[in-house]
Amino acid sequence: MSIIHADRITKVFNPRGKGAVTALSELSLDVREGEIFGLLGPNGAGKTTFIKVLLEIVTATSGTAEMLGAPIGSAAAKARVGYLPENHKYPDFLTGAQVLRYFSKLGGLPSDKREARVADRLKLVGMEQWDKTKIRKYSKGMMQRIGLAQALINDPQLVILDEPTDGVDPLGRKEIRDMLQRLRDQGKTVFLNSHLLSEVELICDRVAILNKGRLIRMGTVKELTTQENTYRIGVRGEVTEELRLNWEATRVSVREENGELVCALPDVAALNAVIDQLRAAGLLITSVAEKRQSLEDMFIDVISREDAK
Amino acid sequence: MKLMALIEFTFREGLARKTIIGFAVISTFFLVIGIIAALLIPTVIETGNPQAGVTTIDITNNTQVIWQVQAALTGFINFAALVLSIFATASILPNTMEKGSIDLLLSKPVSRMEILLGKILGSLLIVVVNVAYFIVGMWLIVGLRTGEWNPSFLGVTISITYTYIVLFAPMLVIGIASHSSALTIIVLYVFIFLISPILESREAIIQLAQSDIAKTVLDTLYYILPKPDALGSVSYDLVMHQSLDWMPVWSSGLFAVAMYGLAAWQFRRKDF
């Protein structure tokens, strides 16, 4: 089941003026129930605009979208969504607990459940000791934690987080990652915008990459980071000059990298042929695996190629 | 529940930003002056001189004099309350619309109209509480000193609040368009202290200018725009138990309705 379904969403800011900016262009994507979905892209790619369209903070110029089976912007959809915006600004004259109470009221949480829920969420984000402290005294990391608690206050089915680990120390980031994975284990869907690709790689089931408002790649982390027909072969023994010359003559791309052979081959049959040649030369095969890039390398590669077009 | 939460939050915001407290401190200062004046000024006044004969006036038996005092107070309160109310509440909507704040509000299952209404009613509550505090305080001082309990003087709370409601409408329009509380305050003050008095004395200007175009322009502006000065005169007439001129009330009301409609339209379609 799609928790978010966007169909050809376009957003143009200032469409009639000279400075018309296309923030989103015909963007279609689906986010499935119970997954952690990461939306990546360079600054200005349209990631935050897409979230704002989903919550009707900005109105789409064209296209349609649904969230949790209801039209975007509807109270029915919003009642089941928790949102942590980037650079959120909470009323600094309230304490952490008061902030959660206020937003729980706006979320429609019944008063008989409120106090227990506030206490529970404060505990969840490790802020129970700071519940009576005014927000203005909070550090950036504490603000981020209280923001997360606010996003979760109404026990949402879908959690949308825009840079949730921004300003949080490594230990806090690990806690947030664990929390998001627990949410997924509970059947919740998490939609994540983040610049920290290493983190996205660690927790996201699927990712989409936006550039200049357009969707350029989407898939599981494995799908996106696996380099097609490129393999790593672990060997024990010296690669002979004869082998190298043979590969060069047959135009087989094999290079050494970190003690392994990296082969870019046309198909699996070619891989087997290379393995046979290695064995025939007396080398021992210790491992064979598809070559994968880090998400960060893949991201830089994809964006560079797009920008070069 | 959601609307109540928004109203309560707006009131708390006013408290936190010290605007309500500042308002209350100024009101208390003038109430203390009122108490001192009530204690020092005798209720029996002698006028005239020994040669011509001395007339003794007992204020407590002269409701007209008491009403005059209250009407004079009304003029001052009307002026001070509007200046302070605008200052106290002009930042409420621009603050709400700041990035990071409005996103959070709009992500909740609350309609934009509820948010706007919550801000309007919250601002109104700030003003009503402060104006009522001052008016009721003055009413008690005058009543306790003279024994004259003029109920119409309490009605000034309503007329001042009404004037504020009228002026809050263009404040919303400017605030939504500009996101600037400073600009909102400047425009409103220019209107109250410059444009409105000019339009009130348009007859004299027209006589001086002797121009049909000037007459048409000034008359049109007068009838279209709100009339804080004329509404102040309505407060005066109310206290003096005189018949009220309803034209400034309904024409200003129409202007406010149009402005609230425009503000609602702006707020509904705005991208944040």
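The values are calculated or read from the model by the stated rules, or taken from the named source; none is laboratory data. In this text the structure is predicted, and so the values were computed from the model without any measurement. Reconstructed Cβ throughout: ideal geometry from the backbone, glycine too, with neighbour counts over all protein chains shown. The accessibility values were calculated without ligands, DNA or RNA, using every heavy atom of the protein model including side chains. Shrake-Rupley method; radii C 1.70, N 1.55, O 1.52, S 1.80 Å.
With N denoting the number of residues in chain B, provide Rg(C-alpha) divided by 2.2 N^0.38 Å, to two decimal places.
Details: Rg = 21.7 Å, N = 272, 2.2 N^0.38 = 18.5 Å.
Here the answer is 1.17, to two decimals.
If I take R0 = 41 Å and measure r between the Cβ atoms of B:Q266 and B:T56 in this structure, what FRET efficiency does the formula 1/(1 + (r/R0)^6) give, to the nearest 0.05? Present the calculation step by step, with values, prior to reporting the outcome.
Values: r = 62 Å, r/R0 = 1.50.
It comes to 0.10.
Considered as an equivalent ellipsoid built on the Cα gyration tensor, region A:30-84 has semi-axes of 18, 15, 10 Å, the largest given first. Using the structure shown, select from A:K89/B:K18; A:K11/A:K47; A:K105/B:K270; A:K134/A:K174; A:K52/A:K89 the pairs with a Cα to Cα distance greater than 18 angstrom. Too far apart for the 18 Å limit: A:K89/B:K18; A:K105/B:K270; A:K134/A:K174.
So, with a 1.4 angstrom probe, what is the percent of accessible area on region B:153-256 that is carbon and sulfur? Present the calculation step by step, with values, prior to reporting the outcome.
Details: 3470 of 4890 Å².
Carbon and sulfur together cover 71 percent of it.
Using the Cβ-Cβ distance between A:E306 and B:E98 with R0 = 45 Å, the FRET efficiency computed as 1/(1 + (r/R0)^6) comes to roughly 0.85.
For region B:48-198, the convex hull drawn through the C-alpha positions has a volume of 138 cubic angstrom per residue. Only protein heavy atoms count here, probed at 1.4 Å, and on that basis chains B and A bury about 2500 Å² of accessible area in total. With a 10 Å cut-off around each Cβ of B:96-106, the average count of Cβ atoms from other chains is 6.
Take every DSSP beta bridge whose two residues both sit in the protein assembly as shown; close to 75 percent of them are antiparallel.
Computed in the context of the full set of protein chains, the accessible area of region A:171-309 at 1.4 Å probe radius has 47% of its extent on carbon or sulfur.
Per-residue extension of 0.36 nm, minus the Cα-Cα distance of B:Q64 and B:A182, leaves a gain of 38.3 nm for this segment.
Stokes-Einstein D for chain A at 4 °C, 1.567 mPa s, Kirkwood Rh over Cα pairs, in µm²/s? If you can, show how the numbers build up before the last one.
Working: Rh = 22.1 Å.
Rounded to a whole number, D works out at 59 µm²/s.
Rounded to whole Å, give me the distance from the Cα center of region A:81-124 to that of region A:247-309. Here the answer is 51 Å between Cα centres. One Cα centroid belongs to region A:127-164, the other to region B:118-148; the line between them spans 40 Å.
Placing one equal scatterer on every Cα of the protein assembly as shown and applying the Debye formula, the log10 ratio I(q)/I(0) at q = 0.05, 0.08, 0.11 Å⁻¹ is -0.37, -0.73, -1.07. Taking the three principal axes of the alpha carbon atoms in region A:1-67, the coordinate ranges are 43, 24, 19 Å, sorted in descending order. Over chain A, DSSP H runs of length four or greater, each weighted -39,500 (n - 2.57), average out per residue to a 222 nm ellipticity of -11000 deg cm²/dmol. Say the dipole of chain A comes from +1 at the beta carbon of Lys and Arg and -1 at that of Asp and Glu; which of A:A119, A:L183, A:A60 then lies farthest toward its positive end? Farthest towards the positive pole: A:A119.
Take the Cβ atoms of A:E33 and B:A258, set R0 to 35 Å, and the FRET efficiency comes out at 0.15. In the full protein context, the protein assembly as shown carries 47 Å² of accessible surface per residue, based on a 1.4 Å probe and ignoring ligands, DNA and RNA.
Only DSSP H runs of four or more residues enter the estimate; each adds -39500 (n - 2.57), and after division by the residues of chain B the mean residue ellipticity at 222 nm equals -25500 deg cm²/dmol.
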